[in-house]
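The values are calculated or read from the model by the stated rules, or taken from the named source; none is laboratory data. Computed from a predicted structure; not experimentally measured. Cβ placement follows ideal geometry from the backbone for every residue including glycine, while neighbour counts extend to all protein chains displayed.
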Amino acid sequence: MIELQHVSKTFENAGGRVDALRDVSLTIADGDIYGIIGMSGAGKSTLVRCINMLERPTEGRVIVNGQQLDAMTPAQLRAARREITMIFQRFNLLMQRTCLQNICFPMELAGVGRKEAQAKARQLLELVGLPDKAQAYPAQLSGGQQQRIAIARALATNPKVLLCDEATSALDPKTTRQILELIQDINRKLGITVVVITHQMSVVKEICTHVAILDDGEVVENGLVSAVFSAP
Ligand code: ADP
Ligand code: ADP
């Protein structure tokens, strides 16, 4: 479970002061597919960066699986980060490495032996529907296929949470639907909690169970998708 309690984040720099998040409280339960929707600048990236611990809230608390982020030891923080992985709009694959090597990379960092890592990577290639792309380089793949490899890489450390930051925004509608189906499949099969950041309502309606609408750093509405978006 992910809990944000009265989280505020203020950036101060030469340009002045920006309240990126204002008193945000959210509970994301295990197994949810939770959408965070809002316009550009609403605070969506800042919110997920607080969940994956790249950003420390100015105020409030972030509690992931019962552990409070700022109370963790460095070792706990490293372990927690492996459990919260992320995919991006621009895939962020290593272009000089094969797909198999890309998927093995986070396992290498975690100290998994080479044989074991490769076996796991092959299972993951199977799961994302690209068993024959182990030796291909990312540049040889379509955008949708590259995102599948990025998803396989994100799953390599057996995460409990998958954060998707505009993960389908660079894809055409048909490929978007296929990637969303894969994410839904992973949520169901592996029981992974998914947080989806998007500016597209259609993405939320397609796969999310819950949604929070962010506007200028504030959660203006949240709850079950069926309740938030139901016709009056
Ligand atoms: P979104 O992801 O919804 O587009 P962001 O979380 O990226 O929104 O940004 C929210 C606000 O915080 C914006 O006004 C943005 O310019 C500002 N912001 C984000 N990161 C920083 C930073 N590191 N320094 C200063 N301002 C920032
Ligand atoms: P997006 O909205 O797609 O997440 P942005 O271009 O807003 O991307 O932000 C990209 C990166 O730049 C993020 O890490 C964000 O924290 C940082 N950032 C955004 N706005 C500012 C800003 N005004 N000053 C400094 N860093 C910023």
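Please go through region 192-212 and pick out each residue that is farther than 22 Å from Asn65 by Cα, within 16 Å of ligand 2 (Cβ to nearest atom) and either part of a strand (DSSP E or B) or aliphatic (A, V, I, L, M) (or both). Full working, then the answer.
Going through region 192-212, the residues farther than 22 Å from Asn65 by Cα turn out to be 198-207.
With within 16 Å of ligand 2 (Cβ to nearest atom) added as a condition, the list becomes 198-200, 203.
Hits for region 192-212 are Thr198, Val203.
Take the residues in region 144-177 that are out of contact with any Asp or Glu (no Cβ under 9 Å at 6 or more places or on another chain) and part of a loop (DSSP other than H, G, I, E, B), then tell me which one is surrounded by the fewest Cβ atoms within 10 Å (Cβ to Cβ).
This residue is Asp172.
Residues of region 58-74 being more than 26 Å from Leu224 (Cα to Cα) and in a loop (DSSP other than H, G, I, E, B), which ones?
Hits for region 58-74 are Thr58, Met72, Thr73.
Picking from Ile2, Ile28, Ile36, which residue would you name as being within 16 Å of the chain's Cα centre (by Cα), among the β-branched types (Val, Ile, Thr) and within 15 Å of ligand 1 (Cβ to nearest atom)?
Values: Ile2 fails: within 15 Å of ligand 1 (Cβ to nearest atom); Ile28 fails: within 15 Å of ligand 1 (Cβ to nearest atom).
Result: Ile36 is the single residue among Ile2, Ile28, Ile36 that is within 16 Å of the chain's Cα centre (by Cα), among the β-branched types (Val, Ile, Thr) and within 15 Å of ligand 1 (Cβ to nearest atom).
Give region 31-57 a look and list any residue that's of a type in the set (Gly, Ala, Ser) and either in contact with a Pro (Cβ under 7 Å, 6 or more places away or on another chain) or not in a helix (DSSP H, G or I) (or both), or say none.
Gly31, Gly35, Gly38, Ser40, Gly41, Ala42, Gly43, listed by residue number.
Is there any pair with a first residue in region 205-223 that is without any contact (Cβ under 8 Å) to a residue 60 or more places away in the chain and a second that is assigned to a loop (DSSP other than H, G, I, E, B) and of a type outside the set (Lys, Arg) whose Cβ atoms are under 8 Å apart and which are 6 or more apart or on different chains, and what are they?
Listed pairs, sorted by first residue: Lys205/Phe229.
Can you tell me which residues in region 121-143 are crowded, with 19+ Cβ neighbours inside 10 Å and either under 22 Å from Ile84 (Cα atoms) or modelled with pLDDT under 95 (or both)?
Ala121, Leu124, Leu125, Val128
Please go through region 80-109 and give me each residue that is more than 16 Å from ligand 2 (Cβ to nearest atom) and either in a strand (DSSP E or B) or touching a Leu at 6+ places or on another chain (Cβ under 6 Å) (or both), ordered by number.
Selection gives Ile84, Thr85, Asn102, Ile103.
Could you grab me the full set of residues in region 38-66 that are more than 13 Å from ligand 2 (Cβ to nearest atom) and surrounded by 14 or more Cβ atoms within 10 Å (Cβ to Cβ)?
Within region 38-66, Ile51, Met53, Pro57, Thr58, Gly60, Arg61, Val62, Ile63, Val64, Asn65 qualify.
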